[in-house]
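Report on one structure; see the data block that follows.
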Amino acid sequence: MKTFQLVATAASGLEAIVGKEVARLGYEPKVENGKVYFEGDLTAIARANLWLRVADRVKIVVGVFKATTFDELFEKTKALPWEDYLPLDAQFPVAGKSVKSTLYSVPDCQAIVKKAIVNRVSEKYRRSGRLMETGALFKLEVSILKDEVTLTIDTSGPGLHKRGYRLAQGSAPIKETMAAALVLLTSWHPDRPFYDPVCGSGTIPIEAALIGQNIAPGFNREFVSESWDWMPKQIWDDARQEAEDLANYDQPLNIIGGDIDARLIEIAKQNAVEAGLGDLISFRQLQVADFQTEDEYGVVVANPPYGERLEDEEAVRQLYREMGIVYKRMPTWSVYVLTSYELFEEVYGKKATKKRKLYNGYLRTDLYQYWGPRKPRVKKED
């Protein structure tokens, strides 16, 4: 089976997590800024799309070369074996971006790449005139960084954060990929309690449940490469069967999502049901200050409001103060809070064990980590 050069794109700060996910699938990752490269066959394309929780997309790298003139861009693009990927009737829109490069006009670069591919495909298929483009969709991208051109084909379609379970959402929803990253960055194990005090439409608890039962995040959706004639249906069927076999539906979970907004709690419940996790997550209308538990060694993950608008700042400070007071009474728990509010530690009342810079969309944030003690190992009786 043919081997492809693949790349999983990722938000800044999350590349290392995607690299670990790729390695867990059995492929060798090469981590760069915003990208994780790896090699794999058709099965790798299907498995990566189904399993990568934190990546944005999975793309095929068709070619990489230097170009400083439009003639060079045209000829080197045309020299690539596009007929190996594109059938005669393929729809292939070309997106583009250029950073710190001689060829800085993105519309011109897109047009030249498109023309070069049309010429190549027309020659190979011995077709004159305009291509019809009525068939399967192949979304191409020309990306130029410091005069190095990378040409890719997207295998995912809608971004991998589109899991297919979110029926509705709140006003500032966190992406499913970021929610999964927050869970994976914690010390949480499925045998421990998990609590999101500001759960909104339920994305973080739902992602935790998917991780806890080892359910592939892409199980509930389709991918654009499933429509390609050279991507056999059996590949996808086998990859989905593998995902089904690896899921641990019997793993008990203690996951709670709380929010002060009753409307959001109802939305969260609906989303959890759509994900097939309705019985696994307890959603409660609850103020942060009212949370009580006798459980030990749990994990709190919160993506609270950030107070970006001045009129919201005092309410946000009050919320952070309440968090600090409540979680002080839970010394065996680990707490992880994502916020862009720079005075968080001061208001919360405690310096974080560790801070990690992350980008939530285009907003720079910090993940404040407060590590609880390790859960004692239970000694096995002789």
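Residue by residue, here is whether (1) open to solvent by 60 Å² or more (accessible area, probe 1.4 Å); (2) within 18 Å of the chain's Cα centre (by Cα) holds:
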{"site": "Ala209", "(1), (2)": "no, yes"}
{"site": "Asp229", "(1), (2)": "yes, no"}
{"site": "Glu266", "(1), (2)": "yes, no"}
{"site": "Leu277", "(1), (2)": "no, no"}
{"site": "Ser282", "(1), (2)": "no, no"}
Determine which member of the set Ala247, Ala272 is surrounded by fewer than 19 Cβ atoms within 10 Å (Cβ to Cβ) and either under 20 Å from the mean Cα position of the chain (by Cα) or hydroxyl-bearing (Ser, Thr, Tyr) (or both). Ala247
Could you please find all residues in the range 86-110 being over 15 Å from Thr150 (Cβ atoms) and either touching a His at 6+ places or on another chain (Cβ under 8 Å) or touching a residue at least 12 places away in the same chain (Cβ under 8 Å) (or both)? Leu86, Pro87, Leu88, Asp89, Ala90, Gln91, Phe92, Pro93, Thr102, Asp108
Checking Leu338, Leu358 in turn, the sole residue that is open to solvent by less than 20 Å² (accessible area, probe 1.4 Å), touching a Leu at 6+ places or on another chain (Cβ under 8 Å), outside any helix (DSSP H, G or I) and more than 18 Å from Gly200 (Cα to Cα) turns out to be Leu358
When Tyr327 is run through (1) among the aromatic types (Phe, Trp, Tyr); (2) within 28 Å of Pro158 (Cβ to Cβ); (3) open to solvent by less than 30 Å² (accessible area, probe 1.4 Å), the failure sits at (2)
Name every residue in the range 11-30 that is among the acidic types (Asp, Glu) and open to solvent by 20 Å² or more (accessible area, probe 1.4 Å), in order of residue number. Glu15, Glu28
Counted residues, the range 115-125 - those being open to solvent by less than 40 Å² (accessible area, probe 1.4 Å) and outside any helix (DSSP H, G or I): 0
Any residue that is of a type outside the set (Ser, Thr, Tyr), closer than 30 Å to Pro93 by Cα and at pLDDT below 95 - is there at least one of those in the range 205-216? no
Look at the range 60-97 and say how many of its residues are open to solvent by 50 Å² or more (accessible area, probe 1.4 Å) and aromatic (Phe, Trp, Tyr). 1
Looking at the range 31-41, can you tell me whether even one residue there is assigned to a loop (DSSP other than H, G, I, E, B), free of Cβ contacts under 8 Å to residues at least 24 places away in the same chain and either surrounded by fewer than 22 Cβ atoms within 10 Å (Cβ to Cβ) or of a type outside the set (D, E, K, R) (or both)? yes
When Ser128 is run through (1) part of a loop (DSSP other than H, G, I, E, B); (2) of a type in the set (Gly, Ala, Ser); (3) modelled with pLDDT of 95 or more, the failure sits at (3)
Is it fair to say Val224 is among the β-branched types (Val, Ile, Thr), open to solvent by 20 Å² or more (accessible area, probe 1.4 Å) and farther than 30 Å from Glu133 by Cβ? no
Looking at the range 161-173, which of its residues are open to solvent by less than 10 Å² (accessible area, probe 1.4 Å) and not charged (D, E, K, R)? Tyr165
List the number of the failed condition for Gly157; all other conditions in (1) in a loop (DSSP other than H, G, I, E, B); (2) touching a residue at least 60 places away in the same chain (Cβ under 8 Å); (3) open to solvent by 10 Å² or more (accessible area, probe 1.4 Å) hold. (3)
Listed by first then second residue, the pairs whose first member lies in the range 353-382 and is over 14 Å from Ala181 (Cα atoms) and polar (S, T, N, Q), whose partner is open to solvent by 70 Å² or more (accessible area, probe 1.4 Å) and modelled with pLDDT of 85 or more, with beta carbons under 6 Å and at least 6 positions apart or on separate chains, are Thr353/Trp371
Enumerate the pairs (first residue in the range 1-12 and within 11 Å of Leu52 (Cβ to Cβ); second residue anywhere and outside any strand (DSSP E or B) and open to solvent by 70 Å² or more (accessible area, probe 1.4 Å)) with beta-carbon separation below 6 Å, excluding pairs fewer than 6 apart on the same chain, so at least 6 apart or on different chains. none
Could you grab me the full set of residues in the range 176-193 that are in a loop (DSSP other than H, G, I, E, B), at pLDDT 95 or above and within 18 Å of Lys357 (Cα to Cα)? Leu185, Thr186
Top-ranked residue in the range 285-324 [being in contact with a helix residue (DSSP H, G or I) (Cβ under 7 Å, 6 or more places away or on another chain) and of a type in the set (Lys, Arg); ranked as surrounded by the most Cβ atoms within 10 Å (Cβ to Cβ)]: Arg317
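The values are calculated or read from the model by the stated rules, or taken from the named source; none is laboratory data. Computed from a predicted model, the values in this text were never measured in an experiment. As a convention, Cβ positions derive from the backbone with ideal geometry for all residues, glycine included, and neighbour counts pool all protein chains shown. In case anyone asks, the SASA skips ligands and DNA or RNA and just uses the protein heavy atoms, side chains included. Shrake-Rupley method; radii C 1.70, N 1.55, O 1.52, S 1.80 Å.
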